[in-house]
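Everything on this sheet refers to the single structure shown next.
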Amino acid sequence: MPRQVYDMTIQLSWPHPDIRADLAALRRQVPLTHCLTNIVASGFTANVLLAIGASPAMVIAKQEVAEFAAMAAGVLINVGTVTSATARAMERAAAAAADAATPWVLDPVAVGALAWRRRIVTGLLAHRPTVIRGNASEILTLAGAEGSGKGVDSTASSTASLHAARALASRTGAVVAVSGATDYISDGTEVIEVTGGDPMMTRVTGTGCALGAVIAAFLGAGCPPLRAATAASAVFAHAGERAIAQARGPGSFAAAFLDELSLIGTEPT
Amino acid sequence: MPRQVYDMTIQLSWPHPDIRADLAALRRQVPLTHCLTNIVASGFTANVLLAIGASPAMVIAKQEVAEFAAMAAGVLINVGTVTSATARAMERAAAAAADAATPWVLDPVAVGALAWRRRIVTGLLAHRPTVIRGNASEILTLAGAEGSGKGVDSTASSTASLHAARALASRTGAVVAVSGATDYISDGTEVIEVTGGDPMMTRVTGTGCALGAVIAAFLGAGCPPLRAATAASAVFAHAGERAIAQARGPGSFAAAFLDELSLIGTEPT
Amino acid sequence: MPRQVYDMTIQLSWPHPDIRADLAALRRQVPLTHCLTNIVASGFTANVLLAIGASPAMVIAKQEVAEFAAMAAGVLINVGTVTSATARAMERAAAAAADAATPWVLDPVAVGALAWRRRIVTGLLAHRPTVIRGNASEILTLAGAEGSGKGVDSTASSTASLHAARALASRTGAVVAVSGATDYISDGTEVIEVTGGDPMMTRVTGTGCALGAVIAAFLGAGCPPLRAATAASAVFAHAGERAIAQARGPGSFAAAFLDELSLIGTEPT
């Protein structure tokens, strides 16, 4: 049970008993997870949610998102391929989630690189996301540091953004999850470190986007935010480690990753 | 040859000789299958159509869909991620298909859950779909029963909706296909039951959506509606059974399912 | 080293040392490849770019594409599922790429079949694409010959379009790449022939679309246009040959193809 406290961080990973319990709860509840996400990651995100045991639903029309976000257990808003039309839908979904107290996750893809989506993301932050998940560049940008985003990939190390994550969490009230070789998750006070995973996860498109959706699913299953983001990160890291053993490259890895997400936690302890 | 008549239903499944013949005809003709479908299932749907031997084409602009639906062999309209823009395109495609006597399939995803798309689906029904494919909740909703749709997954058993299917078929003139652990297909008089498949099919996103596309492909190859829906369901069920034998989880299952769709019927009898 | 000159064509394929060198350069530079592509192929295209060693980014809002195309190393514009909204974004991206001297690839999907997109493609041609990639029907249409496009698949042989390719290249100044059983690539004077690959590549959706993206990535890594298109085609053909040895059908083939794209060129020579 690799619980270690050093400096101000707590390291958590699979198979911590709390995380096992949260995953079992998710599978019992099959949380309806409403995703407004990008066109690249939609299919993979839905498959990841199905593999882990949640119920994905991608409803994106501005006429429908408020009604649906209110009935969902958790909501993901990912601005990867945002347009004028989807920006309006995201705004409504975020407002409805906040009104209905539906927990929701914001994934500010490439917010450091482009001014237009910076304004959209700022508007969404006003609806107080439950969790913000991004790479180091994205979190640095939102925290007010100078973004260094080269497209959608991070060019800052996740370690460098640990302080930004804590600051952003303090300022927004959201739990902030920074994805990288090591994931950092903070509520502004505590910092949890999740290690593991495999670099191959960066060679499969939508892995980070799908992580945001899985955080929304854990929130939808009733996990508190810090715990939801931690459980999602730890399950992803462990599934990645298990999948790499069966993979020749990113194609076979993606299939094995979905297989492992469905199998993880079903073994006798 | 598992043809059994009991009560009012006929059970059909692979390798019924009519279904084998219909699949062979589809492969000879490579029907151009025009799909207006959701952003989640688009890629998988195209891959399923290619695997089985059809020619997929996703053309979605409102300026193009009427022209294209008229030249296609079969059309699928799936409202999963419908928006204002795509709703207009779907309306035009349905009208053009009806005018050109191109057979078309309506997949009323989540129609039970959301009022806005209920109006869109009602508008589409006026253009007389050749086949309506949905899960039990969706068919119950369209038949006028109280929908019980939780998001996009069905919460009613397909058995419970058998009567709704027959009623909806009688009222609309469409063949109605209800997907579930057992599939029911009715033209308002006859009911065909397709058993088999595997629960893993519900863990791969877009399987139901792709089934609608394959029905459109069988229609495009000249199959009468009741037979097209039956052939598609039976081929899917059998491919699912063959795929599960090679799968560790949903990732390897999805790849094996595409493999089996391409191999099914190519073996010597 | 299969370099053969016959008639006016040069045959190039993996492992030509120039192509190996270009692939190594691509992997060192990880070119940011901006894709405006169709909803069917988006996920697979991103995975192909990641597998080969490039950095994909799908940014599609009309408010963002000009800024992003100017900072990208290479741009792909694929009109497969173009709509009014994305047509405007494509126009802006092409103009910005031309202004910034960012090399860009045009993929005129199904241009032979539909009049509306013919006008859009004509507008894009005014911004002088660096490379035009298409199947034989699409290239014949753009060259002014009578198109014979049935949907998105080609009904003309790529051999038949060799002359059209050279003519279109001469007229537009673009390098033209015609995909088929044999690929032909011309700058209006020279013609390069790339053989190999496997028919299974036509059973996986988005393979041709992803090839356009990989050409953009090679351009982004600094390859001259004729060489970029040749390298991309040769790497694809070889990866396809390696993948088929491990595949039972199109599902396992797609995964193996991504694996091989990531492995090709990493072996000791």
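Mind checking which residues of the range B:182-203 are part of a loop (DSSP other than H, G, I, E, B) and crowded, with 24+ Cβ neighbours inside 10 Å?
Within the range B:182-203, just B:GLY197 meets the criteria.
Among the residues of the range B:219-226, is any under 16 Å from B:VAL175 (Cβ atoms) and in contact with a Leu (Cβ under 6 Å, 6 or more places away or on another chain)?
For the range B:219-226, residues under 16 Å from B:VAL175 (Cβ atoms) and in contact with a Leu (Cβ under 6 Å, 6 or more places away or on another chain): present.
When you look at C:ARG203, is it touching a residue at least 12 places away in the same chain (Cβ under 8 Å), in contact with a helix residue (DSSP H, G or I) (Cβ under 8 Å, 6 or more places away or on another chain), more than 20 Å from C:ILE77 (Cα to Cα) and more than 14 Å from chain A (Cβ to nearest Cβ), yes or no?
yes
Check C:SER262 against each of (1) within 14 Å of chain A (Cβ to nearest Cβ); (2) under 16 Å from the mean Cα position of the chain (by Cα) and name the one condition it does not meet.
For C:SER262, the exception is condition (2).
Looking at the range B:70-93, which of its residues are within 16 Å of the chain's Cα centre (by Cα) and among the aliphatic types (A, V, I, L, M)?
B:ALA73, B:VAL75, B:LEU76, B:ILE77, B:VAL79
Mind counting the residues in the range B:126-137 that are at pLDDT 95 or above and surrounded by 24 or more Cβ atoms within 10 Å (Cβ to Cβ)?
Step one: list which residues in the range B:126-137 are at pLDDT 95 or above, which gives B:126-134.
Next, from what is left, pick out any that are surrounded by 24 or more Cβ atoms within 10 Å (Cβ to Cβ): B:129-134.
Residues flagged as at pLDDT 95 or above and surrounded by 24 or more Cβ atoms within 10 Å (Cβ to Cβ) within the range B:126-137 amount to 6.
Can you pull out every residue in the range C:59-72 that is surrounded by fewer than 22 Cβ atoms within 10 Å (Cβ to Cβ) and more than 7 Å from every other protein chain (Cβ to nearest Cβ)?
C:LYS62, C:ALA66, C:ALA70, C:MET71 - these are the residues of the range C:59-72 that are surrounded by fewer than 22 Cβ atoms within 10 Å (Cβ to Cβ) and more than 7 Å from every other protein chain (Cβ to nearest Cβ).
Assess whether B:LEU261 counts as being of a type outside the set (Gly, Ala, Ser) and within 23 Å of C:ILE244 (Cα to Cα). Can you show your working first?
Values: of a type outside the set (Gly, Ala, Ser): yes; within 23 Å of C:ILE244 (Cα to Cα): yes.
Answer is yes for this residue.
How many residues, within the range A:16-26, are in contact (Cβ under 8 Å) with a residue 60 or more places away in the chain, of a type outside the set (A, V, I, L, M) and surrounded by fewer than 17 Cβ atoms within 10 Å (Cβ to Cβ)?
Final tally of qualifying residues: 1.
B:PHE44 fails exactly one of the following numbered conditions: (1) more than 8 Å from every other protein chain (Cβ to nearest Cβ); (2) surrounded by 24 or more Cβ atoms within 10 Å (Cβ to Cβ); (3) modelled with pLDDT of 95 or more; (4) not in a loop (DSSP other than H, G, I, E, B). What is the number of that condition?
So B:PHE44 meets the others, but not (1).
From the list B:ALA243, B:ALA239, which residue is closer than 15 Å to B:TRP14 by Cα, hydrophobic (A, V, I, L, M, F, W, C) and within 14 Å of chain A (Cβ to nearest Cβ)?
Result of the check over B:ALA243, B:ALA239: B:ALA243.
For C:VAL176, work out the one condition from (1) within 19 Å of C:GLY43 (Cβ to Cβ); (2) touching a helix residue (DSSP H, G or I) at 6+ places or on another chain (Cβ under 6 Å); (3) away from chain A (no Cβ under 13 Å) it doesn't fulfil.
So C:VAL176 meets the others, but not (1).
When you check C:PRO224 against the structure, is it within 14 Å of another protein chain (Cβ to nearest Cβ), farther than 28 Å from A:ALA243 by Cα and either buried (at least 23 other Cβ atoms within 10 Å of the Cβ) or not basic (Lys, Arg) (or both), yes or no?
Spelling it out, it is not the case that C:PRO224 is within 14 Å of another protein chain (Cβ to nearest Cβ), farther than 28 Å from A:ALA243 by Cα and either buried (at least 23 other Cβ atoms within 10 Å of the Cβ) or not basic (Lys, Arg) (or both).
State the number of residues belonging to the range C:47-58 that are in contact with a strand residue (DSSP E or B) (Cβ under 9 Å, 6 or more places away or on another chain) and at the interface with chain A (Cβ under 9 Å from one of its Cβ atoms).
Total satisfying the criteria: 7.
For the range B:26-41, check the following and say yes or no: at least one residue is out of contact with any helix residue (DSSP H, G or I) (no Cβ under 9 Å at 6 or more places or on another chain) and more than 14 Å from chain C (Cβ to nearest Cβ).
Taking every residue of the range B:26-41 in turn, at least one turns out to be out of contact with any helix residue (DSSP H, G or I) (no Cβ under 9 Å at 6 or more places or on another chain) and more than 14 Å from chain C (Cβ to nearest Cβ).
I need the full set of residues from the range B:221-259 which are polar (S, T, N, Q) and over 16 Å from the mean Cα position of the chain (by Cα), in order please.
Once the filter is applied, which keeps residues that are polar (S, T, N, Q) and over 16 Å from the mean Cα position of the chain (by Cα), the range B:221-259 yields B:GLN246, B:SER252.
Looking only at helices (runs of 4 or more DSSP H) that fall completely inside the range A:78-145, which ones have 3 or more residues that are at negative phi and in contact with a Leu (Cβ under 6 Å, 6 or more places away or on another chain)?
Numbers: elements: A:84-100, A:115-125, A:136-142.
Here the list reads A:84-100.
Within the bounds of the range C:229-244, is there any residue that is within 30 Å of C:ALA94 (Cα to Cα) and of a type in the set (Lys, Arg)?
No, the conditions are met nowhere in the range C:229-244.
Of the residues in the range A:82-123, how many are facing another protein chain (nearest Cβ under 9 Å), surrounded by fewer than 24 Cβ atoms within 10 Å (Cβ to Cβ) and of a type in the set (S, T, N, Q)?
Number satisfying all stated conditions: 2.
The values are calculated or read from the model by the stated rules, or taken from the named source; none is laboratory data. Everything numeric here is computed off the predicted structure, so don't read it as measured data. In this analysis, Cβ positions are derived from the backbone assuming ideal geometry, glycine residues included, and neighbour counts consider all displayed protein chains.
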